[in-house]
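All remarks here apply to the structure that follows.
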Amino acid sequence: MANLKKPEPALPARAMNPRTPLLPPMSLRQKLAFYLEDIETPAGRAVNLLIAGSVLLSSAIFVAETYPIPASVRLYLDALNTGILLIFAAEYLIRFWCAERKLKFFLSLYSLVDLIVILPFFLAALDVSFILIFRWLRILRLIRFINPQTLFGTISTEDGVIVARILFTLSAIIFVYSGLIYQVEHPVNPEAFSTFFDAVYFSVVTMTTVGFGDVTPSSEGGRVMTVMMILTGIAFIPWQLGDLIKQLVKTANQKQVRCSGCGLSLHDADAHFCKICGTQLEVASKANGRVPTGTTD
C-alpha cells in the first residue's frame with residue numbers, strides 16, 4: 001500500500017503572503033471609548049470599578065454631611081467630593097469626545113443623567129443654590145452598570161439582572177426623593193428634617209401612602225415634592241413591586257441546569273429539552289439513562 005503523506009496544516013494568510021496588511025492600531029479615541037465600556041480586560045474593569053465606586057462614595061458623602069460632624073472632617077469630605085466631581089466631569093468630556101455622533105450622545109439618557117450630575121461643578125461660580133438638588137441624582141449613574149456585562153460576574157442569569165434592576169429602581173427612587181426633600185425642607189424646617197434618615201422616613205411613609213402625619217413639609221417646594229412622592233407611590237411603586245414578585249415566583253418555579261448547546265441556565269421545572277435550542281438537558285438525560293446528544297460514552 002502506498003504511503004499517504006499527511007497534509008501539512010495551512011499557514012495563516014500573513015505567513016503565506018507577507019504583503020497582507022495588518023489591522024491598523026487603535027487610535028487614542030478608540031482606546032478610551034473601548035476601556036470606558038469594556039469589563040473583560042483589567043484596565044476596563046478598573047475604570048468601571050472606579051466610576052461605580054465614586055458614585056457610591058459621593059452618595060455616602062452627601063448622607064454623612066447631613067449629620068453633625070466635626071468641621072475638619074467636613075472639610076475633608078468636601079475636598080473628596082470635589083475630586084469625585086472632577087472624575088465625573090473628565091469622564092463626561094472623554095465620552096463626549098469619543099462619541100462618533102455627538103448629538104445622539106448628548107441626548108441619550110445616560111448622557112443627560114451624567115450632565116445633570118456634574119452641573120453643580122460647572123455652575124459653582126454662579127452661586128445658584130437650587131442646583132445643589134441635582135447632586136442627589138448621582139445614584140442614577142449606576143443605571144449603566146445594571147446589566148450582565150457590567151455586574152462583574154455576580155449575576156449570571158437574565159432573571160437575576162431583572163430582579164437587580166427592580167430592586168435598584170426602588171432603592172434609587174427612595175434615595176433621590178429623600179435627598180430632594182431634605183435639600184428643600186432642611187433650611188426652613190430643620191426640626192422635622194434634621195438628618196437624611198428623617199427624610200428617608202418621610203419618603204417611605206409618604207410613598208407607601210401610610211401618612212402618619214408626624215412629619216410634614218412647611219415650604220411650597222416641599223409640598224410639591226410630597227405630591228410627586230404620592231403620585232409615584234400610587235402609580236410606579238406597585239408596578240415595580242408586582243414585577244418583582246412575578247419574577248421571584250417565576251424563578252422559584254425553575255431549575256438551574258446549564259444547557260450544553262446555548263448556555264441557558266434557567267429552565268422550567270419539568271423541562272427535558274432547552275426551550276431556546278432544543279438540546280436535551282443533562283439532568284433529564286441522566287434520569288432517562290441516556291447520553292445527551294453530541295457526547296460519547
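Pairs meeting the criteria (first residue in the stretch 60-74 and over 16 Å from PHE193 (Cβ atoms), second residue acidic (Asp, Glu) and surrounded by 13 or more Cβ atoms within 10 Å (Cβ to Cβ), beta carbons under 7 Å, at least 6 apart or on different chains) are ARG74/GLU65.
If you take the residues in the stretch 147-183 that are under 9 Å from the mean Cα position of the chain (by Cα) and at pLDDT below 65, which one is surrounded by the most Cβ atoms within 10 Å (Cβ to Cβ)? Once the filter is applied, the top-ranked residue is THR150. What number of residues in the stretch 202-212 are open to solvent by 80 Å² or more (accessible area, probe 1.4 Å) and under 15 Å from LEU180 (Cβ atoms)? Selection size over the stretch 202-212: 0. When you look at PHE62, is it in contact with a helix residue (DSSP H, G or I) (Cβ under 7 Å, 6 or more places away or on another chain), within 27 Å of PRO190 (Cα to Cα) and aromatic (Phe, Trp, Tyr), yes or no? Spelling it out, PHE62 is indeed in contact with a helix residue (DSSP H, G or I) (Cβ under 7 Å, 6 or more places away or on another chain), within 27 Å of PRO190 (Cα to Cα) and aromatic (Phe, Trp, Tyr).
Taking the stretch 37-59 only, how many residues are within 14 Å of the chain's Cα centre (by Cα), in contact (Cβ under 8 Å) with a residue 12 or more places away in the chain and open to solvent by less than 50 Å² (accessible area, probe 1.4 Å)? Of the residues in the stretch 37-59, 6 are within 14 Å of the chain's Cα centre (by Cα), in contact (Cβ under 8 Å) with a residue 12 or more places away in the chain and open to solvent by less than 50 Å² (accessible area, probe 1.4 Å). Could we say that VAL215 is more than 24 Å from LEU142 (Cβ to Cβ) and surrounded by 14 or more Cβ atoms within 10 Å (Cβ to Cβ) here? It is true that VAL215 is more than 24 Å from LEU142 (Cβ to Cβ) and surrounded by 14 or more Cβ atoms within 10 Å (Cβ to Cβ).
Flag not set for LEU56, criterion: of a type outside the set (Gly, Ala, Ser), in contact with a helix residue (DSSP H, G or I) (Cβ under 6 Å, 6 or more places away or on another chain) and modelled with pLDDT under 90.
The values are calculated or read from the model by the stated rules, or taken from the named source; none is laboratory data. All of these numbers come straight from a predicted model, not from anything done at the bench. Reconstructed Cβ throughout: ideal geometry from the backbone, glycine too, with neighbour counts over all protein chains shown. Please note that ligands, DNA and RNA were not included when accessible areas were found on the heavy atoms of the full protein model with its side chains. Shrake-Rupley method; radii C 1.70, N 1.55, O 1.52, S 1.80 Å.
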